[in-house]
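Accompanying notes for the structure given below.
The values are calculated or read from the model by the stated rules, or taken from the named source; none is laboratory data. Quick caveat: nothing in here was measured; it's all calculated off a predicted structure. Note: ideal-geometry Cβ built from the backbone for every residue, glycine included; neighbour counts use all protein chains shown.
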Amino acid sequence: MEKRISEKVRYVGVNDHTKVIFEGMWPLPFGVSYNSYLVVDEKIALIDTVEAGFEKEYLGNIRNEIGDRKIDYLVVNHMEPDHSSLIAVIREQYPDIRILTSAKAVPMIKGYYGLTDNIYAVKEGESISLGRSSLTFYMAPMVHWPETMVTYLEDGKTLFSGDAFGTFGAVDGGIKDSQAHLCGWMDKSDSSFAEFRDEMTRYYSNIVGKYGQTVQAALKKLSGLQIERICSTHGPVWENHVADVVAYYDRLSRYEAEKGVCIVYASMYGNTAKAAKALAAELASRGVKYAIHNLCTENVSFAYRDLFKYDTLAVGAPTYNNDIFPPAYNFMYGVCARLVKNRKFFAFGSYTWAGASVKLLNEMASRQGFELINEGMGFPQAYSAQKCDMAAVADRMAE
Ligand code: FEO
């Protein structure tokens with residue numbers, strides 16, 4: 001892979017094709033990259049590190065770029081261990097390296113890695129000279145941890161953005177968006193942004209989704225900077241699609257969505273599933289975009305991706321213990337935890353002797369400020385089109 005991003009910026013990150021589940025929750029069908037960069041001037045700065053387990057490859061990447069030169073600074077934009085795990089290894093290899101980070105990260109570095117010396121807490125807007133160029137630091141709290149900051153290199157108008165603008169998906173061939181392809185993606189798109197957008201949405205919705213307000217604050221702060229290149233910690237380096245990814249983050253963090261329906265369902269004996277599929281068929285016949293997810297068999301991250309994609313949410317759950325069937329309850333708990341707003345909502349599901357799930361789902365959706373399409377459709381025992389008129393629901397959704 002071409003490591004040279006620009007004369008001064010070199011890519012030294014790694015691709016992970018073996019981790020199956022990210023953060024213990026999110027599958028990685030296309031792998032993931034942990035991006036780290038060197039800024040090479042009279043002095044050298046290393047921006048973030050990578051996940052534990054890649055020590056040999058990572059140190060080799062660094063040495064291939066700078067040989068035996070020393071690294072002066074390690075910039076820690078974000079302390080989540082997929083980027084901070086090798087801080088102690090870097091300190092061991094480069095004992096004089098000075099760690100530059102936010103004040104909130106300092107106790108985290110001590111707590112995770114036992115390091116306390118030669119760490120400097122940078123201030124908002126402070127710059128550090130590397131010789132002919134300098135790095136400037138801006139705090140971006142709660143995007144998506146409290147200690148997060150971003151680093152700006154005036155030379156090349158490059159933003160080292162941490163997780164912001166990142167995506168799932170390994171990037172093996174070329175790291176720049178003019179060359180990058182999603183690993184394993186069969187139908188190569190002309191646009192890397194189009195190719196990575198779904199995995200960017202899944203990354204955002206599952207990991208950053210709750211923090212729309214603080215993402216908005218960060219975007220507002222960064223709007224004063226001229227940005228021509230974004231080097232995030234996951235996925236491609238954005239050069240051709242800077243405006244696209246910034247606009248997309250703006251939209252996601254406002255919880256704005258395109259017209260369409262995200263149908264999610266959980267079913268014990270197939271009756272709620274039949275209702276979900278009937279709704280999907282009615283939407284398809286009307287040309288309404290939709291996605292359908294079975295919460296009992298799929299990882300929920302794909303449902304959250306489409307929750308952020310579409311403006312209407314339909315949730316199907318049978319009544320269980322006079323409550324919402326747990327897989328659907330857990331999904332709705334995650335919807336509320338992500339502070340999702342501006343959605344239309346429809347609940348449905350079967351019961352045998354007393355219905356509760358539709359009423360309770362509607363209550364959760366109402367507390368979230370969602371607009372209920374109707375009172376929902378609970379139906380006794382087996383599904384039938386007579387008991388559960390999805391044509392009428394699809395007509396409302398198609399309006
Ligand atoms: Fe990629 Fe929040 O760590």
Practice problem: Spot the failing condition for SER366; the list is (1) exposed (fewer than 15 other Cβ atoms within 10 Å of the Cβ); (2) assigned to a loop (DSSP other than H, G, I, E, B), and only one is missed. | Solution: (2)
Quiz item: Could you say whether any residue in the range 343-351 is loosely packed, with under 15 Cβ neighbours inside 10 Å and modelled with pLDDT of 95 or more?
Solution: no
Quiz prompt | Count of residues meeting criterion [assigned to a helix (DSSP H, G or I), among the polar types (S, T, N, Q) and away from the ligand (no atom under 16 Å from the Cβ)] in the range 209-247 | solution = 2
Practice problem: Among the residues of the range 104-118, write down those that are surrounded by 13 or more Cβ atoms within 10 Å (Cβ to Cβ) and either farther than 29 Å from LYS210 by Cβ or in contact (Cβ under 8 Å) with a residue 24 or more places away in the chain (or both). | Solution: LYS104, ALA105, MET108, ILE109, TYR112, TYR113, LEU115
Exercise. State yes or no: is TYR138 touching a residue at least 40 places away in the same chain (Cβ under 8 Å) and among the aromatic types (Phe, Trp, Tyr)?
Key: yes
Quiz item: Where in the range 108-208 are there strands (runs of 3 or more DSSP E), lying wholly inside it, with at least 2 residues that are within 24 Å of VAL12 (Cβ to Cβ) and within 16 Å of the ligand (Cβ to nearest atom)?
Solution: 149-153, 158-162
